[in-house]
1. Go through the range B:331-348 and give me each residue that's closer than 19 Å to residue A:78 by Cβ and modelled with pLDDT under 80.
2. Residues A:194, A:217: which one is within 14 Å of another protein chain (Cβ to nearest Cβ) and within 30 Å of residue A:15 (Cα to Cα)?
3. From A:100, A:71, which residue is surrounded by 18 or more Cβ atoms within 10 Å (Cβ to Cβ) and more than 9 Å from chain B (Cβ to nearest Cβ)?
4. Could you check the range B:213-237 and list, in sequence order, the residues that are out of contact with any helix residue (DSSP H, G or I) (no Cβ under 7 Å at 6 or more places or on another chain) and assigned to a helix (DSSP H, G or I)?
5. I need the full set of residues from the range B:305-320 which are crowded, with 20+ Cβ neighbours inside 10 Å and in a helix (DSSP H, G or I), in order please.
6. Output the number of the condition that residue A:27 fails; it satisfies all remaining conditions of (1) surrounded by 24 or more Cβ atoms within 10 Å (Cβ to Cβ); (2) farther than 24 Å from residue A:296 by Cβ; (3) away from chain B (no Cβ under 13 Å).
7. Find the residue count for the range A:255-280, including only residues that are farther than 20 Å from residue A:137 by Cα and assigned to a helix (DSSP H, G or I).
8. Tell me whether the range B:194-207 contains one or more residues that are within 13 Å of chain A (Cβ to nearest Cβ), touching a helix residue (DSSP H, G or I) at 6+ places or on another chain (Cβ under 7 Å), under 17 Å from residue B:253 (Cβ atoms) and crowded, with 23+ Cβ neighbours inside 10 Å.
C-alpha cells in the first residue's frame with residue numbers, strides 16, 4: 001500500500017515537471033504584460049532541438065542549452081510581431097504554435113525512432129535517504145531538481161527584487177512605467193525570451209528524460225495546460241507547483257490504474273481527465289475567486305504604443 | 001533601427017493589400033527554406049504549381065481539401081466577428097463526424113437518401129454545436145477564457161472518438177483495423193464528374209453566402225459586429241451579450257461540425273484516425289487570411305488547399321517532407337501580421353539619432 005502511494009507520488013512529480021517549467025516561463029511573460037499562446041509550439045521546438053543536439057553531441061549540457069535556446073529564439077518571433085509591430089497577441093501566439101509544430105514536424109522527420117541520449121533520474125546523496133519523501137522527491141531527473149530551485153527563485157525575483165518590480169510595473173501599467181524611465185519594449189522582450197527559454201527547457205525534459213526519444217505529438221497539449229495553470233496559480237510561481245502537481249497526479253493515476261490493470265474507470269476517461277480537470281480548475285478559479293481579477297496583470301495583452 | 005509610425009488614413013482595399021503582402025512574405029520565406037535545403041526555389045515552386053494546376057484531377061483535389069477548410073474557416077470567422085476565439089473547431093469537427101457516422105450507422109441505417117442526407121447534415125451540425133456550447137456556456141455564464149476551454153476540449157473529443165472506433169463502434173469485420181464499419185451507400189455524399197469533389201463543397205459555399213448576408217444584412221449580424229468592436233457600447237445599447245455569445249458559439253460549432261460530416265460522408269465513408277488532421281486549426285488561418293469576411297473564406301480555403309496539395313507534390317517529386325506546407329501556412333499568417341502592420345503604420349528605417357530621446361531615468365521611483 002505504502003509502496004503504491006510512493007510510486008504514484010513519485011510519478012506525479014515526474015509527470016508535472018514539464019508543465020511546471022512551462023508555467024513558470026509563462027508567468028514571467030504574462031507578468032511583463034504579454035500573452036504568449038505559443039507555449040506548445042516552443043515546447044515542441046525545444047524538445048526537438050534538445051533531442052537533436054543530444055543525438056549529435058552525446059552531451060547533456062549541450063542538449064539542454066540547445067533546447068532552451070530554440071524555445072527562446074522562437075519566442076523572439078512573438079516579441080518582434082507583438083512588440084515591434086503591435087500584432088494581436090492571441091493570434092500571434094496561435095501562429096507561433098502552428099509555426100513551432102510545423103518546424104518540429106518538418107525538421108524532426110529524420111529523427112523519429114532515433115536513439116538519442118537519456119538523462120536518467122539521480123539519487124541525491126543524504127536527501128534520498130529520508131524515508132518515503134526521499135524516494136518521492138529526491139529520486140528524480142535533474143530537471144526536477146532544477147525546477148525545485150527555479151520555482152522559489154522565480155518567486156523571489158518577481159516579488160522581492162528591483163528587477164521583479166520593474167517587470168511587474170511594465171505588466172501592470174506600461175504607460176506609467178515608461179514615464180518612470182523604464183524601457184517597456186526591452187523589458188517585455190526579455191520577459192518573452194525568458195518564457196521561451198523555460199518552454200524550451202520543458203520540452204527538453206520531455207524528449208531527454210520523461211519519454212526519451214522524438215515524437216511529433218510528445219507535448220500532448222501540455223503547453224496549453226501550462227497556460228491554464230498560470231491562471232489557476234494567479235500568476236504566482238509558488239502556487240504553480242500545486243497546479244502542476246494536480247496535472248502530474250492525474251497522469252500518475254492513469255499509469256497506476258493501467259499498471260495494476262484496475263478498470264474501475266475506463267482508460268479513455270482517465271486520458272481525458274487532465275484536460276477536463278484543467279477546464280474545471282479554470283471555471284472554479286474564474287468564478288469563485290475575487291483574487292483572480294486583481295491578480296491578473298492589468299496591462300496583460302495590451303500593446304504599448306508610446307504617443308509621440 | 002526600425003521606426004514605426006501610425007498612418008492617419010488607411011489605404012483603399014487595405015484588406016486585399018494586406019493579404020497580398022502576406023502572400024509575398026510567405027513566398028519569400030519559402031524561398032529561404034528551399035535554399036537552406038539546397039533546393040532551387042524555382043524548381044520547388046514549379047513542382048507545387050504543376051501539382052496544383054497540372055491536371056483537372058489535381059485541381060479537383062484542391063477543392064476537396066478546401067471543403068472542410070471553408071467550413072472551419074467560417075466557424076472561426078463568425079466567432080471572431082464577436083471577438084470570441086474558437087480554437088476548438090477541431091474538436092467540433094470530430095463531434096460532427098461522430099454524429100454523422102452514428103446517424104448513418106446506427107440511428108437510420110436503412111433510411112432512403114432523401115431522408116438520410118438531411119438528417120446526417122442536421123445531426124453533424126448538432127454534434128458540433130453541442131461541443132461548442134460547452135465553452136460557450138462557460139464563457140457566457142462564468143466568463144471562463146474560451147481560448148483555453150475550446151482548445152482543451154479538442155483533446156477530449158479526439159480521445160472519445162478514438163475510444164469509439166477502437167472500442168464499441170469498431171468494425172467487427174475490420175480485421176482489427178481501427179475504424180468503424182463503412183456507412184451505408186445512401187449516406188455517401190454525391191460526388192461530381194469522376195472527382196472526389198462532393199456535395200459538401202457547394203454546401204460550404206452556400207453556408208459562406210448565408211453567413212455573409214446574416215452578418216451584414218440582419219439585426220443579429222449587426223449586434224454581433226457591434227459587440228465585437230465595442231462590447232461596452234453594445235451593453236449600453238441594450239444588446240444581450242450573453243445570449244449572442246451562445247448563438248455565435250452554437251453557429252460556429254454547427255459549421256465546424258459540418259466539416260466533420262463532409263469528411264466522413266464525402267471522403268472516408270467511416271469514422272477513422274484520418275478525421276482529425278488539423279483542419280480545425282487551419283480554419284484559424286483561413287478565417288484571418290480572409291480577414292473574417294465570409295465571402296473571402298472560400299478563396300483563402302482554396303489557397304490553403306492548394307498549399308497542401310502542392311506540399312504533397314513536393315514530397316513525391318523532390319522528396320521533401322510534405323509538412324513544409326505547415327511552415328508555409330504559419331508564414332502566411334505571420335506575413336499577414338506584417339502586411340497589416342505595414343498598412344497601419346509607416347515602417348521606416350531610421351538612424352538612431354532621429355529617434356526621440358528616451359525619458360530620463362529617475363532612480364526607479366515609480367508612481
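1. If we filter the range B:331-348 for residues that are closer than 19 Å to residue A:78 by Cβ, which is where we start, we get B:331-342, B:344-345, B:347.
Within the range B:331-348, B:344, B:345, B:347 qualify.
2. On the way: A:194 fails: within 14 Å of another protein chain (Cβ to nearest Cβ).
Checking each option against the conditions leaves just A:217.
3. Numbers: A:100 fails: more than 9 Å from chain B (Cβ to nearest Cβ).
Answer to the selection: A:71.
4. B:213, B:216, B:217, B:219, B:222, B:229, B:232, B:236
5. Restricting attention to the range B:305-320, the residues satisfying the condition of being crowded, with 20+ Cβ neighbours inside 10 Å are B:305-311, B:313-314, B:320.
B:305, B:306, B:307, B:308, B:309, B:310, B:311, B:313, B:314, listed by residue number.
6. (2)
7. The initial filter retains those residues of the range A:255-280 that are farther than 20 Å from residue A:137 by Cα, namely A:257-280.
Next cut, assigned to a helix (DSSP H, G or I) only: A:257-259, A:267-280.
Counting residues in the range A:255-280 that are farther than 20 Å from residue A:137 by Cα and assigned to a helix (DSSP H, G or I) gives 17.
8. Taking the range B:194-207 and keeping what is within 13 Å of chain A (Cβ to nearest Cβ), we get none.
Within the range B:194-207 (the criterion being within 13 Å of chain A (Cβ to nearest Cβ), touching a helix residue (DSSP H, G or I) at 6+ places or on another chain (Cβ under 7 Å), under 17 Å from residue B:253 (Cβ atoms) and crowded, with 23+ Cβ neighbours inside 10 Å), the answer is no, since none of the residues qualifies.
The values are calculated or read from the model by the stated rules, or taken from the named source; none is laboratory data. It should be emphasised that the depicted structure is a prediction, and the values quoted were computed from it without experimental measurement. Note that we place each Cβ from the backbone using ideal geometry, even for glycine, and neighbour counts take in every protein chain shown.
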